[in-house]
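Peer 1: Dropping a structure here in structure tokens format, bear with me for questions.
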Amino acid sequence: MLLGGLFSELVDQRRARGKRYQQEPLLCALLLAVLSGATSLRKMELFIEERLGQLNALFGTSWKKAPTWVGIRRFLLKLDATKVEEVVRRHAEKQVSTQPGIQFIALDGKALRGSASRVMDLRARQLVSAFTQDDLIILGHLEVADKSNEIPAVQSLIESLGLSGRVFTLDAMHCQKKRLQ
């Protein structure tokens, strides 16, 4: 049970044939790679390769070699992003609901680097994220719809989190006289 069994309830969509790496340990290794600064599939592969012995000891696995960046890509493409989001949100809700008192929750929008294309005339994809300021726990995120801005996305994210009695902090963009519905 890694990370409190966070990823154990996800259904593995891969075929049984050729499945070298179990889903939960691989997801945890990739998460650790990203948290350590890996910004590409090749850097994730390198992270796992450099720490293979430590990761085997931590996860109780016996990987002989790190998955290639191509294998990591295939693995990530098979993941159901909405299911992963649901699992992470449930985990975050458990963490937040067990703590007494007022919680301060920050919401902010960011453009995803590298998601824009002048050639294909694509705007950068934008996400709105919510996280606790005290514990720095990410509660959830939501993609901003095309031809919209982050104001309705933030309102939708606050609604979907279902947290009442909290103080939300936002940037100046959200200082509007007229509240959007």
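Quick note: the coordinates plus some simple rules give every number you see, no bench work behind them. Quantities reported herein were computed from a predicted structural model and do not represent experimental measurements. Note that each Cβ is placed from the backbone with ideal geometry, even for glycine, and that neighbours are counted across all protein chains shown.
Peer 1: Can you give the Rg to Rh ratio of the stretch 53-96, both from alpha-carbon atoms, with Rh computed by the Kirkwood formula?
Peer 2: 1.12
Peer 1: Moving on to the next point. Quick one: how many lysine pairs in the chain have C-alpha atoms under 27 angstrom apart, if they're 8 or more apart or on different chains?
Peer 2: Taking the chain as the scope, the lysine pair count is 23.
Peer 1: In which sequence would Leu76, Leu27 go, from the one with the fewest C-beta neighbours within 10 Å to the one with the most?
Peer 2: Leu76, Leu27
Peer 1: Here is a further query. In which sequence would Trp63, Trp69 go, from the one with the fewest C-beta neighbours within 10 Å to the one with the most? Spell out each step's value before the answer.
Peer 2: Working: Trp63 18, Trp69 15.
Least crowded to most crowded, the residues run Trp69, Trp63.
Peer 1: Kindly put Thr132, Thr82 in sequence by how many other C-beta atoms sit within 10 Å of each C-beta, fewest to most.
Peer 2: Ascending number of Cβ neighbours within 10 Å: Thr82, Thr132.
Peer 1: Using alpha carbon coordinates only, what is the Rg to Rh ratio of the stretch 15-172, with Rh defined as the Kirkwood radius?
Peer 2: 1.02
Peer 1: Which net charge results when you count Lys and Arg as +1 and Asp and Glu as -1 among the other residues whose beta-carbon is under 13 Å from that of Val144?
Peer 2: Values: positive: Lys110, Arg123, Arg125, Lys147; negative: Asp108, Glu143, Asp146, Glu150.
Once all neighbours under 13 Å are counted, the net charge is 0.
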